[in-house]
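The values are calculated or read from the model by the stated rules, or taken from the named source; none is laboratory data. Since we're looking at a predicted model, the values are computed, not measured. Glycine gets a Cβ as well: all are built from the backbone with ideal geometry, and neighbour counts include every protein chain shown. Accessible surface is based on the protein model in full, side chains and every heavy atom, while ligands, DNA and RNA are left aside. Shrake-Rupley method; radii C 1.70, N 1.55, O 1.52, S 1.80 Å.
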Amino acid sequence: MELTRRDAVAALATLGVGGAAALGARNWQRDDRSDVVDDELVRNTLVAAAEVVYPSDVSGTATFVETFLEGRLERDDHARGLRETTAEFNDVSEQWHGDEFPALSQADRDRMLREVGADTAEEIPDGTLAERVRYYVVNDLLLALYSSPTGGELVGIENPQGHPGGTDTYQRGPEA
Amino acid sequence: MSADRTPIEDADVCVIGAGPAGALVADRLADAGRRVVVLEAGPRFDPDDRFERSERAIRPAYDLPDVWDGDPERDAHVSSNEDWFYPLNHTRVKGVGGSTLHWQGMVMRLHEDDFDSASERGVGVDWPIDYADLQPYYAEAEREIGVAGADDNPFAPPREEPHPMPAFKPSYSDGLFAEACENVEVAMHSVPNARNSETYDGRSACSGYGTCQPVCPSVAKYDATVHVERAEEKGVTVIDRAPVQYLEHDADSITAAVYATPDGEHRQEADSFVIACGGVETPRLLLLSESEQYPNGLANSSGLVGKFFMDHLFAGMGGTLEEPTRQNHVGFLTSESHQFYDDADEEVGPFKLEFFNYAGPSPVESALGGDDWGDELLERLRREYGTHVGMGALVEQLPREDSYVTLDPDRTDDRGNPVPDVHWNVGERALRTLERANEIQREILEELGAEITWQVGPENTGPAYHHMGTTRMGDDPDESVVNARLRTHDLENCWIVGSSVFPTGGAMNPTLTIAALALRAAEHVDAEL
Ligand SMILES: Cc1cc2nc3c(=O)[nH]c(=O)nc-3n(C[C@H](O)[C@H](O)[C@H](O)COP(=O)(O)OP(=O)(O)OC[C@H]3O[C@@H](n4cnc5c(N)ncnc54)[C@H](O)[C@@H]3O)c2cc1C
Ligand code: SF4
C-alpha cells in the first residue's frame, strides 16, 4: 500500500504539529544545527528505520517520513530529543557496525535496533538510549503510520484513533 | 486573562473551583449582575496544547494523570482501605475546566425513584427534593452543556422538550447487538452525549478523533472551559493556580478564602462563598478549615462532612465474534439500555447497560506497546483488531458509614496540608448488582455468538470516577451538611455545589445532575445576597 504526503499531513494534524501551511518551509540541505547533528542525518536515520519497522508492502516511505519529520522538528522539545538521540544512536552504530545506521543493510539495521534494545525497551523520552530510540525513532514512526488513514487501512480501520475521520465511518459495515 | 492573582474588591460571591459546578454558578451569577471571582487550584491550560495532550493519551510513556499535568506532590493522597483501593488521581483533573477536561461526556438525568431511594427501594435515604423540582433545571442544563440525544428511551423520566441536538446515530456494532438484544428481549436506545452532533453554540461538530477521553482535540466535546470563558466575557474574574488553603470564618459565616499563588498567599473576601471543588476536595477544604467554633471541621456540626463517600461501580464483559465489528472509530457510546434500572429494590440496585464502540485494542496503542515491528507487527495488529465486542454497566452503591473521605494527619501535600484519604467501601448490594449486570451481559453476548474473553464483575470491579455523597443534602441539620437549597446548615453564606451533595448516587453519570443543581443553587445564592 502506498503512503502519500496526504497521509503524513493527516498524521501530523492528528498530533497537532505544522499543518499544511508550515510544511515545506524547512530546507533539508541547510545545516544550521551542526553542533548536535545535521538534520540530513536525522532524516536518513528515520527513513532507514522506517524501512525496518514498517510492513514490507508499504511504499512511499521516504516522502511520508520526510513530511512527517518536518512537522515534528517544529516542536522544540521533541526536536532536541530527536536530534540528540539520533546522534548518539549513529555513534553507537559506527562503533558496533563500522558505519552510520542509514548505510547499513536492512538486516543489519534490524539487528542494530535490537542490539541497542529498542525492541523490548519501554518508550521514555528522557530515558536510556534504548528507551529514547524506542520513543523518538521506533514509536514515533509507528505512531505516524498507524494514525494515518493508509496505516489504519492496513489493519482494517480507515478512521484510526487520533485521526479526525468524521462520524460516518463508525456507522458503516465492513462491506461499505 | 492576566497573571494578576491578587483578590478583587467588593466581591459579591467567591466561587472556589472552576469545574462545571463552579463555572455554571459563576456564569449565572454574572447574568444576575453580581461581582464574582473564581479561585481555581490548577492551571489554565493552553487550548493549542490539546493535540500534544491527545498524543500523550495514546503513548505508553505517559500515565493518565500526565495528560493534564497531574502533579504527584500537589495531588498526593492516601487510600487506606486495602480491599478497595481508590486511584484518586485517575479520577479528576485540576485546572480551569476541572474534571470535564478528561470526561467521557455521557449526560443523563437521574430517574424519579433515585430521589426516593428509602421510600421506593427500601434502602438508602430520600433526597429532600424530587425529580419534579429539578426537571426544569435539567432541561436548562442540557441547553447550557449542549446535549445530543433522542426521545427513544422508554425508561427515561419524563421530558418537557427534545434535546438541543439530534442524537448520534447508532454504530455498526450497535446493529449487531440489536438483533441479539431483540431475541433476549432487551431494549436498546440512544445515549445522550455532551458532544456536538452538529454545530452548537459556536462550537463545531464532532469530527471523530476518537480520543474523547481523556482529550477532545476539537471543541466538539463539552467541557467547563465553555462556561468559564462565557463568565469571563461577562466580567467574572478567574484566578488560576490559586488553591484555597482554608476558609476564615466566625460562628455564622465565612469571611475570607485564603489562597496560595505562585507569588504568595492572598485573602479573598466576599459576601457569599460557593465551594465547588469536587467530591473529595470539598470535604477536605471544610475539614482543613477547622477552628475553635468548628473543631471537627467547618460546617460539620452534623459530623457528616466527608462521610458517605460513593462512586459508581463498573461491570463489563466482552469477547470476539467471527465477523468484523468496526470498533475504535470514535471514542464515545451510541447505545445503552436502562431497562433494568427501575427494577431496583433492597437486594439489587439500579444499573444501566452500555454497548461499546471501542471494544478491543486500538491498533495505534497496540503497535506502540509491543516488542515487534515490520510485517510481524502488522500481522499481530490484524489478528488483534477487528472482531471485538464489549459491554459495560454502571452500578449504584449505597451510602455507607464505612466509606468516607478524611484527612491523613501523617502525610502532607506540596503546601504542608494533610492529604485526603479516600477510604472506600461498596457493600453487598453493589456486589449483587454487579453480578446481575454480568448475568444480562453474558446472556446478550452469548446470543450474539461471542466468545467471551474478559469479564469485570464483583472480583475485579473498579470505580467509574464519580465522587458523591461527602456533604450530603437534607432537611435535618443532624443528618446532613447542606439544605435543599445547597446552603450549609451551619453557615449562612456558605454554599456547596457538586455531587458531594447527592444523598444517594443512582447509577447515572452525575454531571448533568451536578449542572442542574448548580443552576438551581445560583438562583438561591442570588436571592439571599
Ligand atoms: C475519566 C473520567 C470520565 C468521566 N466521564 C463522565 C461522564 O461520562 N459523564 C458524567 O456525568 N461524568 C463523568 N465524569 C465525572 C465528571 O468529570 C465530574 O462529575 C465533574 O467534572 C464534576 O464537576 P465539579 O465541578 O463538581 O468538579 P471538578 O470537575 O472535579 O472540578 C473541581 C475543580 O475544583 C478545583 N479545586 C479543588 N480544590 C480546590 C481548592 N482548594 N481551591 C481551589 N480550587 C480547587 C479543582 O482543581 C478542579 O478544577 C468523568 C470523570 C472522569 C475522571
Ligand atoms: S470523537 Fe471525541 S475526541 Fe473526536 S471530535 Fe468527537 S468528541 Fe472530540
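Values as computed for the structure displayed
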{"read-out": "Dimensions in Å of segment B:13-528 - Rg and Dmax from alpha carbons", "value": "22.3, 72"}
{"read-out": "Members of B:LYS169/B:LYS221; B:LYS234/B:LYS307; B:LYS169/B:LYS234 lying beyond 27 Å, as alpha-carbon distances in this model show", "value": "B:LYS234/B:LYS307; B:LYS169/B:LYS234"}
{"read-out": "Rg/Rg_globular for segment B:101-157, with Rg_globular taken as 2.2 N^0.38 Å and Rg from C-alpha atoms", "value": "1.30"}
{"read-out": "Trypsin sites (Lys or Arg not before Pro) restricted to segment B:328-391 and DSSP loop, no more than 12 other C-beta within 10 Å", "value": "none"}
{"read-out": "Kirkwood Rh in Å, taken over segment B:161-232 so that all alpha-carbon pairs contribute", "value": "14.3"}
{"read-out": "Chain B - charge dipole about Cα centre, Lys and Arg +1 at Cβ, Asp and Glu -1, debye rounded to 20", "value": "1040"}
{"read-out": "Other-chain or far-sequence residues with amide H under 5 Å of B:ARG195's (modelled H)", "value": "B:ALA148, B:TYR222"}
{"read-out": "Top positive-direction residue, dipole computed over segment B:13-528 with Cβ charges, set B:TYR465, B:VAL405, B:LEU378", "value": "B:LEU378"}
{"read-out": "Net dipole in debye of the protein assembly as shown [+1 Lys, Arg Cβ; -1 Asp, Glu Cβ; about Cα centre; nearest 20]", "value": "1140"}
{"read-out": "Per-selection metrics, segment B:90-215 (Cα): Rg and Dmax in Å", "value": "16.9, 47"}
{"read-out": "Radius of gyration and maximum dimension Dmax of segment B:319-402, Cα, Å", "value": "18.0, 56"}
{"read-out": "Tilt relative to chain B, helix B:172-183 - C-alpha long axis, 0 to 90 degrees, to 10", "value": "80"}
{"read-out": "Rg over Rh, two decimals, the protein assembly as shown (C-alpha only, Kirkwood Rh)", "value": "0.99"}
{"read-out": "Interface burial for A against B (accessible surface, 1.4 Å probe, total of both chains, Å², rounded to 100)", "value": "4000"}
{"read-out": "Listed residues B:ALA251, B:ALA299, B:ILE239: farthest to the positive end of the dipole of segment B:173-306 (Cβ charges)", "value": "B:ILE239"}
{"read-out": "Where labels lie 7 Å past Cα in the beta-carbon direction, separation of B:GLU198 and A:ALA103 in nm", "value": "6.4"}
{"read-out": "Förster radius 41 Å - calculated FRET efficiency between B:GLU479 and B:GLU447, Cβ distance, rounded to 0.05", "value": "0.35"}
{"read-out": "Positive-end residue of B:GLY122, A:TYR146, B:THR513, charge dipole of the protein assembly as shown with Cβ unit charges", "value": "A:TYR146"}
{"read-out": "Segment B:402-441: projected area of the alpha-carbon convex hull, averaged over directions, in nm²", "value": "4.2"}
{"read-out": "Rounded accessible area of B:MET108 (nearest 10 Å², 1.4 Å probe)", "value": "10"}
{"read-out": "Average projected area [Cα convex hull, segment B:200-332], square nanometres", "value": "13.1"}
{"read-out": "Cleavage-rule hits, trypsin sites (Lys or Arg not before Pro), segment B:399-479, DSSP coil, Cβ neighbours within 10 Å at most 15", "value": "B:ARG415"}
{"read-out": "Spacing of the two label points (7 Å from each Cα toward its C-beta) at B:ARG143 and A:ASP77, in nm", "value": "4.2"}
{"read-out": "Computed FRET value (nearest 0.05) for B:ASP375 with B:ASN81, which takes r as the C-beta separation and R₀ as 56 Å", "value": "0.70"}
{"read-out": "Sequence-distant residues sharing a close amide H with B:ASP413 (under 5 Å, placed H)", "value": "B:VAL419"}
{"read-out": "Accessible area of the protein assembly as shown belonging to carbon and sulfur atoms, whole % at 1.4 Å probe", "value": "43"}
{"read-out": "5 angstrom amide H check on B:GLN245, placed H, neighbours 5+ away", "value": "B:VAL258, B:TYR259, B:ALA260"}
{"read-out": "Inter-label distance for B:ASN183 and B:GLU73, nm, one decimal - labels placed 7 Å from Cα along Cα-to-Cβ", "value": "5.9"}
{"read-out": "Nearest-0.05 FRET efficiency for B:SER253 and B:GLU523, computed from C-beta distance (R0 22 Å)", "value": "0.65"}
{"read-out": "Chain B: angle of helix B:20-31 to the longest principal axis, Cα-based, in degrees nearest 10", "value": "50"}
{"read-out": "On Cα atoms only, tilt of B:511-528 relative to the major axis of chain B in degrees", "value": "20"}
{"read-out": "Accessible area expressed per residue, segment B:338-418, with surrounding protein chains retained (probe 1.4 Å, Å²)", "value": "39"}
{"read-out": "Helical mean residue ellipticity (222 nm; -39500 (n - 2.57) per DSSP H run of 4+; nearest 500) of chain B", "value": "-7500 deg cm²/dmol"}
